[in-house]
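Note sheet for the following structure.
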Amino acid sequence: MATTAAPTGAARNGAGPEWGGFEENIQEPLSSQGGGSAVIDMENMDDTSGSSFEDMGELHQRLREEEVDADAAAAEEEDGEFLGMKGFKGQLSRQVADQMWQAGKRQASRAFSLYANIDILRPYFDVEPAQVRSRLLESMIPIKMVNFPQKIAGELYGPLMLVFTLVAILLHGMKTSDTIIREGTLMGTAIGTCFGYWLGVSSFIYFLAYLCNAQITMLQMLALLGYGLFGHCIVLFITYNIHLHALFYLFWLLVGGLSTLRMVAVLVSRTVGPTQRLLLCGTLAALHMLFLLYLHFAYHKVVEGILDTLEGPNIPPIQRVPRDIPAMLPAARLSSTVLNATAKAVAVTLQSH
Amino acid sequence: MAEAEESPGDPGTASPRPLMRDLKAVGKKFMHVLYPRRSNTLLRDWDLWGPLILCVTLALMLQRGSADSEKDGGPQFAEVFVVVWFGAVTITVNSKLLGGNISFFQSLCVLGYCILPLTVAMLICRLVLLAEPGPINFMVRLFVVTVMFAWSVVASTAFLADSQPPNRKALAIYPVFLFYFVISWMILTFTP
């Protein structure tokens, strides 16, 4: 590159300190970019291409290439000096190393201050408590307007807090049912399940939405699904404490169904074409309802087998007979099937002492 | 820090004065947590020694013996440690994003120090569990843990509330509530 030729030319005369090649190379492009500010413009918020990140990525790539060229020039420079004076070689190589270190450190700190700058996320947390409250309530109310795209609030505070709340409720359910986790920990499993669902299913539905030409961005999908977890939190909180299968199914249909319908209505209003609507909304509805079912049965009442629920007409819901009890559990546990989960924890604590 | 310099001739006297000074500072902050008032001491000169001591103590007490290893797969020490530190980091990032003007380490310091009541609750629970089991046992532990949980939340609110915009205090306090709730739950359901 032209800018490196002049400094290396000057260094060939043997004067080390004059060679300030790296500073010039790096400072030029960035000064034209306005100092590498980390604040992203608001208009680019909904842009899914992430263009501002691509710009900075190109910039860094260019800087890296320049450094590689300068290194190559420095390597040639060293060979040239070696033929001449050995003293200068040592001094020059030290300076080269020093310059490389400085340049590398500068680049790294610039990259860190850009990508680790949490100001990028700040607009998504700009909410008031009243707004969060109203959005929580609205997430349970489906709106039937499907001819015009329904508005989705693009914020991440509410969804993130709901995921953490779900983690806390799941821990409560796992502890009171003495779930046995062989690999990993209870905490890890709960966090992995909840965050995995939120991020994974959002990404999957966003991908389907992309295929079906739906007008929704990733942020909006994350927010929509996050608020949809409010129904799950309510159902699990109630049914982990009052364990009646009929009650769970009622809540599953009612509360789970309402929050699913709300999300489905929003997606339908943003998709064109019956096949696309069916695919997108059917997938989301199935995943959302099945997740609630999974959370209830996988992490709660591991002692009772699934066969119980199929014998509904013959056995009243309160007098369940536990099946598949592992041999190592104390026999006294059999007598406590009629109590609810919290009282059961007390019973377990008593028996284990 | 002039006190940190020691004369090069005697390596044996490995700076007792800064150690005592640090311990005194940690103790003073413990007192501030136990009697929470709106004060800036925790925020002004933050340090992470206190949170580390408390976290390690709590994690050691929550570690079960290896005889019970089939009930919980992984080591509880690691679980508690990770929950405390990543929980504190998450709450700090959240409060900064909501517009709080508190620095990262100040917030970590406050959240870590406010675990002190829950550590005391753990000590009491351990002692209570040595006594005879019974519903009274569970009720006593439930009462102690609930009181200490409320104390932790109130203490951290006293320190953190001023750094938030006035209309968003509830948004910043809710994750703190969840954080101490999870720790309280781990303490309450601990069986040795």
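Couple of notes before you dig in:
- In segment A:105-117, the qualifying residues are those that are loosely packed, with under 13 Cβ neighbours inside 10 Å and of a type outside the set (Ser, Thr, Tyr), and the one that is farthest from residue A:224 (Cα to Cα) is A:105.
- Residue among A:148, A:88 that is closer than 27 Å to residue A:227 by Cα and touching a residue at least 40 places away in the same chain (Cβ under 8 Å): A:148
- Any hit, segment B:60-67, residues being open to solvent by 50 Å² or more (accessible area, probe 1.4 Å) and at pLDDT 65 or above: yes
- Looking only at segment A:198-244, and only at residues there that are in contact with a Gly (Cβ under 7 Å, 6 or more places away or on another chain) and aromatic (Phe, Trp, Tyr), the one that is nearest to residue A:157 (Cα to Cα): A:227
- Of all the criteria given as (1) outside any helix (DSSP H, G or I); (2) closer than 19 Å to residue B:105 by Cβ; (3) not β-branched (Val, Ile, Thr), the one not satisfied by residue B:156 is (1).
- Residue ranges of helices (runs of 4 or more DSSP H) in segment A:118-230 with at least 1 members open to solvent by less than 20 Å² (accessible area, probe 1.4 Å), β-branched (Val, Ile, Thr) and more than 9 Å from chain B (Cβ to nearest Cβ): A:157-176, A:186-211
- Conditions (1) in contact with a helix residue (DSSP H, G or I) (Cβ under 6 Å, 6 or more places away or on another chain); (2) modelled with pLDDT under 95; (3) not acidic (Asp, Glu): number failed by residue A:115: (1)
- Those residues of segment B:74-108 which are hydroxyl-bearing (Ser, Thr, Tyr) and assigned to a helix (DSSP H, G or I), in sequence order: B:90, B:92, B:95, B:107
- For the residues B:82, B:93, the requirement of being open to solvent by 50 Å² or more (accessible area, probe 1.4 Å), within 11 Å of another protein chain (Cβ to nearest Cβ) and within 20 Å of the chain's Cα centre (by Cα) singles out B:82.
- Residue match in segment B:108-128 (condition: in contact (Cβ under 8 Å) with a residue 24 or more places away in the chain and within 9 Å of chain A (Cβ to nearest Cβ)): no
- Checklist (1) under 20 Å from residue A:161 (Cα atoms); (2) facing chain A (nearest Cβ under 10 Å); (3) open to solvent by 20 Å² or more (accessible area, probe 1.4 Å); (4) in a helix (DSSP H, G or I) applied to residue B:139, failing item: (1)
- Only a single criterion out of (1) within 12 Å of chain A (Cβ to nearest Cβ); (2) under 15 Å from the mean Cα position of the chain (by Cα) is not satisfied by residue B:168, namely (2).
- Check on residue B:102, farther than 27 Å from residue A:117 by Cβ, in contact (Cβ under 8 Å) with a residue 12 or more places away in the chain and away from chain A (no Cβ under 11 Å): no
- Whichever residue in segment A:240-295 is more than 24 Å from residue A:208 (Cβ to Cβ), touching a residue at least 40 places away in the same chain (Cβ under 8 Å) and more than 27 Å from the chain's Cα centre (by Cα) and, among such residues, is most open to solvent (accessible area, probe 1.4 Å): A:242
The values are calculated or read from the model by the stated rules, or taken from the named source; none is laboratory data. Worth saying up front: this structure is predicted, and the values here are computed from it rather than measured. All Cβ positions, glycine included, derive from the backbone under ideal geometry; neighbour counts span all protein chains shown. Accessible surface is based on the protein model in full, side chains and every heavy atom, while ligands, DNA and RNA are left aside. Shrake-Rupley method; radii C 1.70, N 1.55, O 1.52, S 1.80 Å.
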